[in-house]
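Okay, so here's the structure we're looking at.
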Amino acid sequence: MKKLRLLATICCLLLAGINMALAQNKLLLFYDTAYVSEVKLLLAQASAKKMLLDTTSRTSVFTESNLKNYQVVIFMNVSANRLSFREAAELQRFLQAGGGFAGIGKAAEASYKWLWYANVLGGQLAATQLEKPIQLSIITNAFLGKTTLPPLWKLNDKPLLFNDLPTKCKPVLLDVTGKTWAWYYTTEQGGKLFYTALGCEPSAYQSPDFISHVWAGIEEVMPRNLPDYASIASTALPAEKNFLKTTLSNDFQNPVALTTLRDNNIIVVEENGEVKIYEPQLRKTSTIGKIDVTNLKRIKLDPEFYQNGYIYTFSGGSSEEYKIGRMQLIGDTTVVMTDFASQSNNPLPSNIIYDYEKYVRSPYRLPQYFDKKSFRYDNEQGLIVETFDEDNNVKNIEPFLTDTPFNYITDMSFGADGGLYILEDKQLKKIDYSETNRKPLAIVSAAVLTGNAPLKVKFFSDRSVDYDSSEKLSVEWIFGGAGTSAEANPEFTFTKPGTYDVGLKVTDNAGESAETTLKIQVNKPAVKKR
């Protein structure tokens with residue numbers, strides 16, 4: 001019995017030790033390597049406060065798998081401009097998950113690669129900054145965290161100067177002239193922010209009051225728990241390897257505008273007025289007409305297009321003054337201009353907005369991460385994605401697929417399958433997304449479709465495509481019950497008259513397959529002349 005009690009006591013002590021370790025606050029300090037000595041001073045204070053402070057000057061630590069272990073991230077004289085897009089996005093998600101952020105000194109900059117980071121800091125740098133360090137007489141405006149500061153203290157530093165702060169920012173340090181040097185607030189991202197404009201000079205770190213000030217701010221923004229990433233699962237940045245960019249057709253001369261149809265066919269208008277249709281099931285581009293249009297900007301389907309076949313053209317000298325014309329699609333083979341004409345001064349929208357739920361039945365739609373975000377292209381920034389607030393102000397700007405080059409895009413649209421179709425470098429291209437293997441596309445053709453028996457036909461499967469691999473597809477042919485073949489482009493002779501449904505099945509390396517058929521009409525043998 002005594003042994004059991006002793007064992008139970010030991011287990012309780014071990015569990016208590018584990019709980020203490022779990023309860024210990026853990027922070028990450030990202031710093032500029034010019035401040036190594038100053039980092040040591042913060043480490044010493046962390047040890048005294050029984051906090052775990054990890055330090056790094058490497059940006060590669062900004063991943064969800066790493067940041068989820070910290071309650072607060074501290075930027076010491078280094079800003080998010082050091083981070084790549086994906087790394088900066090993970091810092092943003094850390095705040096959205098409830099993590100705290102503390103910025104010191106040069107964590108603020110005059111301009112930012114990532115707009116959301118500028119908004120998070122709250123303040124905007126003044127155009128004119130100090131050239132030399134000065135002595136500050138500082139008033140403690142509020143007590144933060146668990147650290148007490150004197151009501152009035154002095155500091156030698158070269159702090160950053162800011163314009164008037166938004167009302168959301170709560171000042172915690174002032175000088176005798178009323179200038180605000182530090183503040184905190186709860187961000188729109190979700191977490192709490194503390195920023196101090198002090199600490200730009202190494203001399204500042206020699207002041208115990210400044211070190212205490214930094215720790216007071218860190219304690220103020222420190223949440224009780226680790227970030228809750230489960231609550232923001234939909235914001236996870238999609239892996240770029242899961243996107244696929246393919247060239248659908250290069251059968252164009254200076255294409256300038258496109259629109260997508262619900263059967264996944266694509267209407268493209270060229271600079272000279274040629275109108276073409278791309279049919280993805282056949283991987284075929286056909287000319288269906290020519291319209292009289294100059295300086296075409298955009299084409300758009302009529303709200304009742306599937307009843308009347310109308311497609312509107314928008315052309316002119318600028319985006320704020322343009323002419324509106326109208327053409328009509330007749331079947332899938334002909335397009336003609338109609339007598340509709342109008343003038344408009346309303347600006348043409350430069351963005352297209354992605355609606356995730358609209359493509360709920362499509363297995364290869366873009367991910368939910370892009371829901372309600374807008375896509376646009378310009379020659380300087382490339383293809384970018386913008387997030388807007390309720391008042392239609394831009395909250396964030398981010399590049400789309402940082403590892404994928406985009407050269408010159410004239411138009412783009414989301415298709416009925418949730419993929420992004422673009423006219424780039426005079427080609428029609430498509431970007432879609434999948435976390436699993438895509439099914440291949442089976443396309444069959446034949447040298448002849450009808451003739452007298454015996455009819456020899458050459459069949460082709462080489463236009464079939466596997467979007468996930470460059471390796472060849474395995475094929476299986478069934479010649480309407482008359483025979484089979486496993487060759488890519490077989491030749492088969494039909495000896496008896498009849499209608500044959502020739503089937504083609506293509507299978508990729510992952511075992512996914514697709515099938516299609518083609519009718520071959522074999523007539524009776526020709527009557528021999530006597």
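The values are calculated or read from the model by the stated rules, or taken from the named source; none is laboratory data. The structure displayed is predicted, hence computed values, not measured ones. Reconstructed Cβ throughout: ideal geometry from the backbone, glycine too, with neighbour counts over all protein chains shown. Side chains included, ligands, DNA and RNA excluded: accessible areas come from the protein's heavy atoms. Shrake-Rupley method; radii C 1.70, N 1.55, O 1.52, S 1.80 Å.
A Cβ distance below 8 Å, combined with a sequence gap of six or more or placement on separate chains, defines the contacts here; from the range 358-371, residues that are more than 12 Å from residue 419 (Cα to Cα) and open to solvent by 20 Å² or more (accessible area, probe 1.4 Å) reach residues that are in a loop (DSSP other than H, G, I, E, B) and aliphatic (A, V, I, L, M) in the pairs 369/236; 369/237. Name the residue that is surrounded by the most Cβ atoms within 10 Å (Cβ to Cβ), counting only residues in the range 221-241 that are over 18 Å from the mean Cα position of the chain (by Cα) and assigned to a helix (DSSP H, G or I). Checking each candidate, the answer is 221. Looking only at residues in the range 493-504 that are surrounded by 13 or more Cβ atoms within 10 Å (Cβ to Cβ) and within 49 Å of the chain's Cα centre (by Cα), which one is farthest from residue 282 (Cα to Cα)? My answer is 500.
Looking only at residues in the range 448-485 that are touching an Asp or Glu at 6+ places or on another chain (Cβ under 9 Å), closer than 18 Å to residue 522 by Cα and among the small types (Gly, Ala, Ser), which one is least open to solvent (accessible area, probe 1.4 Å)? Of everything passing the filter in the range 448-485, 480 is least open to solvent (accessible area, probe 1.4 Å).
Considering (1) more than 17 Å from residue 419 (Cβ to Cβ); (2) part of a loop (DSSP other than H, G, I, E, B), the lone condition that residue 387 does not fulfil carries the number (2).
Within the range 327-343, can one find any residue that is surrounded by fewer than 14 Cβ atoms within 10 Å (Cβ to Cβ), within 22 Å of residue 422 (Cβ to Cβ) and either free of Cβ contacts under 8 Å to residues at least 12 places away in the same chain or of a type in the set (D, E, K, R) (or both)? No, the range 327-343 has no match at all.
Residue 284 fulfils the conditions (1) touching an Asp or Glu at 6+ places or on another chain (Cβ under 8 Å); (2) under 26 Å from residue 405 (Cα atoms); (3) of a type outside the set (Asp, Glu); (4) open to solvent by 70 Å² or more (accessible area, probe 1.4 Å) except for a single criterion, (1). Only one of the listed residues (19, 66) is at pLDDT 95 or above, assigned to a helix (DSSP H, G or I) and not hydroxyl-bearing (Ser, Thr, Tyr). That residue is 66.
The residues listed here are 268, 293, 275; of these, the one that is within 31 Å of the chain's Cα centre (by Cα) and either surrounded by 20 or more Cβ atoms within 10 Å (Cβ to Cβ) or of a type in the set (S, T, N, Q) (or both) is 268.
Taking the conditions (1) among the aromatic types (Phe, Trp, Tyr); (2) open to solvent by 20 Å² or more (accessible area, probe 1.4 Å); (3) at pLDDT 95 or above in turn, residue 375 satisfies each one other than (2). Contact list please: Cβ distance under 9 Å, first residue in the range 461-486 and farther than 17 Å from residue 517 by Cβ, second residue surrounded by 17 or more Cβ atoms within 10 Å (Cβ to Cβ) and among the aromatic types (Phe, Trp, Tyr), pairs at least six apart or on different chains. Within 9 Å, the pairs are 467/364; 486/477. Taking the criterion of being surrounded by fewer than 24 Cβ atoms within 10 Å (Cβ to Cβ) and part of a helix (DSSP H, G or I), the residues of the range 71-87 that qualify are 81, 82, 85, 86, 87. Touching a residue at least 24 places away in the same chain (Cβ under 8 Å) and part of a strand (DSSP E or B): is that true of residue 244 in this structure? For residue 244, the condition - touching a residue at least 24 places away in the same chain (Cβ under 8 Å) and part of a strand (DSSP E or B) - is met. Scanning the range 410-426 for residues being open to solvent by 30 Å² or more (accessible area, probe 1.4 Å), in contact with a Pro (Cβ under 8 Å, 6 or more places away or on another chain) and of a type outside the set (Val, Ile, Thr) gives a total of 1. Selection within the range 378-403: residues that are among the polar types (S, T, N, Q) and in contact with a strand residue (DSSP E or B) (Cβ under 6 Å, 6 or more places away or on another chain). The member of this set that is surrounded by the fewest Cβ atoms within 10 Å (Cβ to Cβ) is 387. Count of the range 121-148 residues, restricted to those that are open to solvent by less than 70 Å² (accessible area, probe 1.4 Å) and modelled with pLDDT of 90 or more, is 11. Of the residues that make up the range 306-315, is at least one open to solvent by less than 10 Å² (accessible area, probe 1.4 Å), without any contact (Cβ under 8 Å) to a residue 60 or more places away in the chain and closer than 30 Å to residue 462 by Cβ? Among the residues of the range 306-315, not one is open to solvent by less than 10 Å² (accessible area, probe 1.4 Å), without any contact (Cβ under 8 Å) to a residue 60 or more places away in the chain and closer than 30 Å to residue 462 by Cβ, which makes the answer no.
Pull up the range 39-63, narrow it to residues that are of a type in the set (Ser, Thr, Tyr) and assigned to a helix (DSSP H, G or I), then point me to the one that is surrounded by the most Cβ atoms within 10 Å (Cβ to Cβ).
59
When the range 22-38 is limited to residues that are in contact (Cβ under 8 Å) with a residue 12 or more places away in the chain and outside any strand (DSSP E or B), the one that is most open to solvent (accessible area, probe 1.4 Å) turns out to be 33. If I filter the range 173-182 for residues that are aromatic (Phe, Trp, Tyr), open to solvent by less than 40 Å² (accessible area, probe 1.4 Å), touching a Leu at 6+ places or on another chain (Cβ under 7 Å) and in a strand (DSSP E or B), do I get at least one hit? Yes, because at least one residue in the range 173-182 is aromatic (Phe, Trp, Tyr), open to solvent by less than 40 Å² (accessible area, probe 1.4 Å), touching a Leu at 6+ places or on another chain (Cβ under 7 Å) and in a strand (DSSP E or B).
When residue 218 is tested against (1) in a helix (DSSP H, G or I); (2) surrounded by fewer than 19 Cβ atoms within 10 Å (Cβ to Cβ), only condition (2) is not met. Restricting attention to the range 192-215, which residues are open to solvent by 10 Å² or more (accessible area, probe 1.4 Å), in a loop (DSSP other than H, G, I, E, B) and of a type outside the set (Asp, Glu)? Once the filter is applied, which keeps residues that are open to solvent by 10 Å² or more (accessible area, probe 1.4 Å), in a loop (DSSP other than H, G, I, E, B) and of a type outside the set (Asp, Glu), the range 192-215 yields only 207. Number of residues in the range 344-357 that are among the β-branched types (Val, Ile, Thr) and open to solvent by 90 Å² or more (accessible area, probe 1.4 Å) equals 1. For residue 127, indicate whether it is of a type outside the set (D, E, K, R) and outside any loop (DSSP other than H, G, I, E, B). Here the answer is no, as residue 127 does not meet what is asked. Can you find even one residue in the range 152-160 that is among the aliphatic types (A, V, I, L, M), open to solvent by 40 Å² or more (accessible area, probe 1.4 Å) and at pLDDT below 95? Within the range 152-160, one or more residues are among the aliphatic types (A, V, I, L, M), open to solvent by 40 Å² or more (accessible area, probe 1.4 Å) and at pLDDT below 95.
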